[in-house]
Amino acid sequence: MDQESERKLRELRLNLAEVCLEGRIERIASLCRSPAGDTIMTMINSGVRHLALTKGDQAVAERCHRILSVEHDVTRKVSAYLALSLFTPPQGIERAFDIVDVPTPLLCPVIKVLLAVPMFFTREGARRRALAHVEATVAEIHKAVMVIDEFEFRREVLAGFMDGYVVSSVYGEDVPLRALAQRRGDLIRKYLEIHGLAHDITPLPRSANETTVRVGVLCPGTISEVAAMRGHLFGLDRSIFQVIAFVPDEAATSVSAGFEDVADDFVALPVADIPAAAKILAQEELDILIAGANITNTCKFPWTLLMAQRLARLQVSMHCSSLTTGLATVDLFINGRLNEPEDAQDDYTEELGLIPGSSNHYVFAGKPVVPEQLTRERIGVPDAALLLATGANYFKIGPELLSTWARILEAVPNAHIIMYPFNPNWTTHYPHKDGFLRFVQERFADRGVNIDRLHVLESQASRAPLLGVLKLADLYLDSFPYSGAVSLLDPLSVGCPPVVREGNTARCRQSAALLREIGLDVLVTRSMDDYVTVVKRLLTDHSLRREIAEAVKEVTRATHLGTQGIGGAVGDVLLKALAKKLRAPV
């Protein structure tokens, strides 16, 4: 962002704050329902809150704090809260009012603002505090919606919740999130019910002579999700299972291309019309319906709204979803034994079906990607430097992780790091990119790491240039607590050893599960200090690093990494769960 753009953005923020502080409910409400979009959320999402406060900003923020602390009029408190939210994230505000006291026209914008935690964090412990804030806020929303039986109140609160709930920046914390997911599931279901969008079916009993199991797959769209879903379907016994791929009508051709060799039939779903899509699914009389994409991050994703209804005898989620769905209509969550801790069932609302080994098996569609031929000179890295690489998405990169990487660079002065954090699989738009990169540079500078040793790639159209970079790298640094999954295949495929840290919850054990399954336990660490120690040792011991790199290449060749599906094991789990479900009321 250039200086003039920043100046205009700051000016617009001050003007918007003054409008809020006037306390005119209808005017504030109209700004949040403008045909051009919610003005307050647009300002928050612009990244303006990551800019340092000027004296003028501080003066307005102090006025807001004063109103919240001494004012008795709820409308004024709510108005001041909305104004203050333009300067401060919600976990840093004591709002001094309850949701039930908010004037009805402002309920939707207030709920969205309450849930608008930052996209990245610059202070240690900040992400954990933001997650705690989201959990407490969702608990309050859940209680209010379930207790207060007033249509207007429920409609407005749920409208704010369905639009505002996005947890991609906070669910990387290594803590159980079952309670949060279950409340979210209840609220999604209530939203469907009050809008007449829930069209559950009562599946007919299977006839005794039926031998084919009809499996519907709500197909994913991102490259990584397609690879994961294909990995789960390859090897499925096609003499038993008939696979029907459901694809969004708006992208039916492109999505279908990824499943031509694993599906028996394709059906386009009108994703803009949830009742019509639900009717189509119900008419297929499916035994099993599988969500092939992440249905846990937001609320209005069409696959989430469909899985929140009973549309098949058995409904299933897999590790494309980062945690339990919390949906009462999802019966089974399939994962690998290595992906889960001993007490894993406690973290799920679904029955947990475990396959042997890891669930991190991926089969990419199309021809194998050939690494782009690159040189260190082309990417700006000295030939004599040791090169670390990481493809961790910026949602996963917190201050603790950056400090760890900075410690490594501080200890090994001839090491450089190249990052490609803007993965289009997560989002196609990174509005906070400039602020994030400033934060990375500042965190490294705090450790005395020169900015010349940091290299950042923009989002790439294909994996070819990333594979080219990884062929030049000495080591790959995985993220933690939230570990990598399909991204780990790239360094492994070109013989670049990855160092990972194993956590407790499934989303923090993915990379460790993959490495343990293929016999590369030596690259799995259990603590931050161990992670640093292993990386430093591999960087400074050239013979050991070459030995590990050769081992990685041999394992990749021996295991046919990236081409082996686990459909046989997945099919066994599905059949067992379906038999159990058919014995119980659906």
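Every number in this text was worked out from the coordinates using simple rules, so none of it is lab data. Fair warning: this is a prediction, and the values are worked out from it, not measured in the lab. Glycine also receives a Cβ, built like all others from the backbone with ideal geometry; neighbour counts cover every protein chain displayed.
At a glance:
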{"item": "Helical contribution to [θ] at 222 nm, DSSP H n ≥ 4, -39,500 (n - 2.57), averaged over the chain, rounded to 500", "result": "-13500 deg cm²/dmol"}
{"item": "Part-to-part distance (alpha-carbon centres) for region 240-285 and region 55-130, which is given in Å", "result": "43"}
{"item": "Under 21 Å from the Cα of Lys8 - lysines, other chains or at least 8 residues apart", "result": "Lys55, Lys433"}
{"item": "Theoretical FRET efficiency, 1/(1+(r/R0)^6), r = Cβ-Cβ of His65 and Arg438, R0 30 Å, to 0.05", "result": "0.70"}
{"item": "Fewest-first sequence of Asp452, Asp200 by Cβ atoms within 10 Å of each Cβ", "result": "Asp452, Asp200"}
{"item": "FRET efficiency, 1/(1 + (r/R0)^6) with R0 51 Å, evaluated for Ala411 and His72 via beta carbons", "result": "0.35"}
{"item": "Subset of Lys279/Lys300; Lys396/Lys471; Lys471/Lys536; Lys300/Lys580 violating a 28 Å alpha-carbon distance limit", "result": "Lys300/Lys580"}
{"item": "Surrounding net charge for Met119, when Lys and Arg each add one and Asp and Glu each subtract one, Cβ distance under 13 Å", "result": "+3"}
{"item": "Order of Asp237, Asp186 - criterion: other Cβ atoms within 10 Å of each residue's Cβ, fewest first", "result": "Asp237, Asp186"}
{"item": "Evaluated at q = 0.10, 0.14, 0.20 Å⁻¹: base-10 log I(q)/I(0), Debye formula over Cα of region 376-559", "result": "-0.35, -0.72, -1.66"}
{"item": "Which of Asp163, Asp331 has the fewest Cβ neighbours within 10 Å, and the rest in rising order", "result": "Asp163, Asp331"}
{"item": "Label zone at Val522 (point 7 Å along Cα-to-Cβ), backbone N below 16 Å, region 463-480", "result": "475-476"}
{"item": "Dipole in debye (nearest 20) - the chain, about Cα centre, beta carbon charges: Lys, Arg +1; Asp, Glu -1", "result": "500"}
{"item": "Positive-end residue, the chain charge dipole about Cα centroid, Cβ charges, pick of Thr563, Ala461, Val255", "result": "Ala461"}
{"item": "Simple label model, 7 Å out from Cα along Cβ direction - Arg337 to Thr212, nm", "result": "3.4"}
{"item": "Backbone HN-Hα couplings from phi across region 226-238 [Karplus 6.51/-1.76/1.60, Hz, Gly and Pro as x]", "result": "4, 4, 5, 5, 5, x, 7, 9, 5, x, 4, 5, 6"}
{"item": "Potential extension, Arg378-Thr540 segment - 0.36 nm per residue separation minus Cα distance", "result": "55.8 nm"}
{"item": "Unit charges at the beta carbon, dipole of region 123-226: most positive-side option, Ile148, Phe161, Val217", "result": "Val217"}
{"item": "Estimated FRET transfer efficiency (Ala385, Gln58; beta-carbon r; R0 60 Å; 0.05)", "result": "0.90"}
{"item": "Spatial extent of the chain: Rg and Dmax, with the Cα atoms as the point set, Å", "result": "24.9, 77"}
{"item": "Residue (of Cys64, Ile334, Thr104) at the positive-pole extreme of the chain, dipole from beta-carbon charges", "result": "Cys64"}
